[in-house]
Amino acid sequence: MKPFYITTPIYYINAAPHIGHAYTTIAADILARTLRLQGRQVHFLTGTDEHGLKIEKAAAEAKLSPKEYADGIASQFRDLWKALDIQPDDFIRTTEPRHEETVRSAFAALLKSGDIYKGRYRGFYCVSDETFWTEKETLPGPGGAKLCPNPDCKRPLERVEEESYFFKLSRYGDRLLSHYDAHPEFLSPSSRASEMKNFVKAGLQDISVSRAKVKWGVPVPGDESHTVYVWFDALLNYLAAADSKDASLWPADVHIVGKEIYRFHSVVWPAMLMALGRKLPGKVFAHGWWTVEGEKMSKSKGNFVDPLAVTKDFGVDAFRFFLFREMPFGQDGDFSIASLKRRYNADLANDLGNLLNRASDMAIRYLDGAIPESLGERDFIEREKMAQLSSAISNAIEGLDFSSALATIWSEIGRLNRLVNERAPWEVAKTDREKAGEIVADILWGLRVIGSWIEPFMPAAAAKLRSRIGSPRMPMLAKLGDQRRPQDALPQSPGRVSKGEPLFPRKA
Ligand SMILES: [Zn+2]
């Protein structure tokens, strides 16, 4: 079976990584970890987008060559992923030979097929954003000037007319629409589908795919006076990485992207693939944006959240957890330290931390810290129900519905906490110590299952939890169809329950 191929966008290296990059990449990591826990083959790709005028400029400002500059930022990204417990299988850079070769050969093939042709580009250009705008898109400025429509920019635009290569996007409208209809999952979440369909139905224009002004890029094959436009260049990374590893990897199963680049991924990219005669990815999923303390993140406000600063105070696990507990993937949400702290104390320190502390204290008291080899006949916690929820949680994560997976997990943590109160082993122990032990063993079993559920989100906390309750690493309980039973989650050679530091010490 072909590995499940997951991608994030490759990140443009004109600035250091921030919460937005971390969000997408952690999402891909959670999905990858979930599938790996189910024993599936996964290939998780991320990387950096390193060509273009902005990089040329940023490098010049830093008094470095573009390549030296790119090396520096690319390693910041790599280091951040490591620090955030993100484990990609491959990291592609658009300055690597494997990528540049793919770009050259794709461009050449499309020139040959007539999908790329030479024409003249007329429009407006924002030097700061390195973006071309049509006259219709520009904002009116003083004295008849045209201004950049990017709300964070609004700088005067340059009028440009230059020779350019174009991709015949206009040729693919009907085929795109029939693909969307035949594969409803392709445009995800479904709330984004109608916008893209309407965009395509309104008629597609051919798009410029080369730049005469830009030196730092892949030269157009046979015409060194042009370089391939960064977007056309960047999108091909998914194919370049796959083809360089394993011929069976393509197509990608899911591209996870931010909504600001959805159109490129759901319209331009599939049209490029059709033109190249390659298969289309299974799904293109657009997630929403974070505001910070109620404000949009922007360079001018300088309010980008640095993930390392947050994890220094709250830990990597809490950061990973918060991003997906706080807002549904696909919608917009607000990041604030106050809400992070609230979630941390309520969900992690209280709900999960207390359950672990109570269960391990009682295991030491009523079971002498030893986990029984098998569970008793009496089922105090509805074990079958938990096994079934495992499949619901897996399904939610596979559908990239992380917040509902976490809601299910936390409702089970709440249920187990209530069960401890209701069953009150400390009362039962006064007359029936053996039964008190059985209740505690059941609660421990439930906690072990919860440990497997939280592992994709919080790998380090899951490992600590396992070591506290003497449980080896467990596969995420398989889906119902896999015919595993709850008791399969019992450790082969149970360890011992130990006292330890709180998993999430409360924050004042
Ligand atoms: Zn601009």
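The values are calculated or read from the model by the stated rules, or taken from the named source; none is laboratory data. Treat the numbers as computed from the prediction; the structure is a model and nothing was measured. Cβ: placed from backbone, ideal geometry, glycine included. Neighbour counts: every protein chain shown.
Brief remarks on what is shown
- Scanning the stretch 98-132 for residues that are in a strand (DSSP E or B) and surrounded by 15 or more Cβ atoms within 10 Å (Cβ to Cβ), we see that the one that is nearest to the ligand (Cβ to nearest atom) is Cys126.
- Counting residues in the stretch 159-177 that are outside any helix (DSSP H, G or I) and within 16 Å of the ligand (Cβ to nearest atom) gives one or more.
- Lone unmet requirement of (1) within 30 Å of Val449 (Cα to Cα); (2) surrounded by fewer than 22 Cβ atoms within 10 Å (Cβ to Cβ); (3) in contact with an Asp or Glu (Cβ under 6 Å, 6 or more places away or on another chain) for Gln41: (3)
- For the stretch 1-34, a tally of residues being over 14 Å from the mean Cα position of the chain (by Cα) and more than 17 Å from Ile261 (Cβ to Cβ) returns 5.
- In the stretch 484-497, the residues that are part of a loop (DSSP other than H, G, I, E, B), closer than 13 Å to Leu465 by Cα and modelled with pLDDT under 90: Gly495
- Residue count for the stretch 130-159 under the criterion of being under 20 Å from Arg211 (Cα atoms) and in contact (Cβ under 8 Å) with a residue 40 or more places away in the chain: the result is 2.
- Unmet criterion (only one of (1) more than 16 Å from the ligand (Cβ to nearest atom); (2) assigned by TED's automatic domain parsing to the domain that holds Val257) for Lys57: (1)
- Count of the stretch 187-216 residues which are crowded, with 18+ Cβ neighbours inside 10 Å and small (Gly, Ala, Ser): 3
- Given (1) farther than 26 Å from His179 by Cα; (2) hydroxyl-bearing (Ser, Thr, Tyr); (3) in contact with a strand residue (DSSP E or B) (Cβ under 6 Å, 6 or more places away or on another chain), index of the condition Thr311 fails: (3)
- Within the stretch 315-349, the set of residues being free of Cβ contacts under 8 Å to residues at least 40 places away in the same chain, within 16 Å of Pro505 (Cβ to Cβ) and surrounded by fewer than 20 Cβ atoms within 10 Å (Cβ to Cβ) comprises Arg342, Arg343, Ala346.
- Restricted to the stretch 1-91, the set of helices (runs of 4 or more DSSP H) holding at least 2 residues that are modelled with pLDDT of 95 or more comprises 19-37, 66-83.
- Residue list for the stretch 133-145, filter: within 13 Å of the ligand (Cβ to nearest atom) and under 37 Å from the mean Cα position of the chain (by Cα): Trp133, Glu137, Thr138, Leu139
- For Ser374: the one exception among (1) closer than 27 Å to Val497 by Cβ; (2) crowded, with 16+ Cβ neighbours inside 10 Å: (2)
- The condition of being under 19 Å from Ala242 (Cα atoms) and not aromatic (Phe, Trp, Tyr) holds for only one of Ile13, Ile92, that being Ile92.
- Going through (1) within 22 Å of the chain's Cα centre (by Cα); (2) in the same structural domain as Ala424 (by TED's automatic domain parsing); (3) surrounded by fewer than 15 Cβ atoms within 10 Å (Cβ to Cβ) one by one, Lys312 falls short only on (2).
- Pairs where the first residue, in the stretch 187-212, is free of Cβ contacts under 8 Å to residues at least 40 places away in the same chain and the second is buried (at least 21 other Cβ atoms within 10 Å of the Cβ) and in a strand (DSSP E or B), C-beta under 8 Å, 6+ apart: Ala193/Leu187; Lys197/Leu187
- Number of positions in the stretch 264-309 that are more than 22 Å from the chain's Cα centre (by Cα) and at pLDDT 95 or above: 9
- Taken together, the residues in the stretch 161-179 that are out of contact with any Pro (no Cβ under 9 Å at 6 or more places or on another chain) and either without any contact (Cβ under 8 Å) to a residue 24 or more places away in the chain or surrounded by 15 or more Cβ atoms within 10 Å (Cβ to Cβ) (or both) amount to 11.
- Neighbours by Cβ (under 8 Å, 6+ apart or cross-chain): first from the stretch 118-129, under 12 Å from Cys153 (Cβ atoms) and among the small types (Gly, Ala, Ser); second within 13 Å of the ligand (Cβ to nearest atom) and outside any strand (DSSP E or B): Ser128/Cys148; Ser128/Cys153; Ser128/Arg155
- Scope the stretch 159-188; condition in contact with a strand residue (DSSP E or B) (Cβ under 6 Å, 6 or more places away or on another chain), among the aliphatic types (A, V, I, L, M) and modelled with pLDDT of 95 or more; matching residues: Leu169
- Residue match in the stretch 325-341 (condition: farther than 30 Å from Arg155 by Cα and in contact with a Phe, Trp or Tyr (Cβ under 7 Å, 6 or more places away or on another chain)): yes
- Residue that is modelled with the lowest pLDDT [pool: residues in the stretch 146-158 that are in a loop (DSSP other than H, G, I, E, B) and near the ligand (Cβ under 9 Å from one of its atoms)]: Asp152
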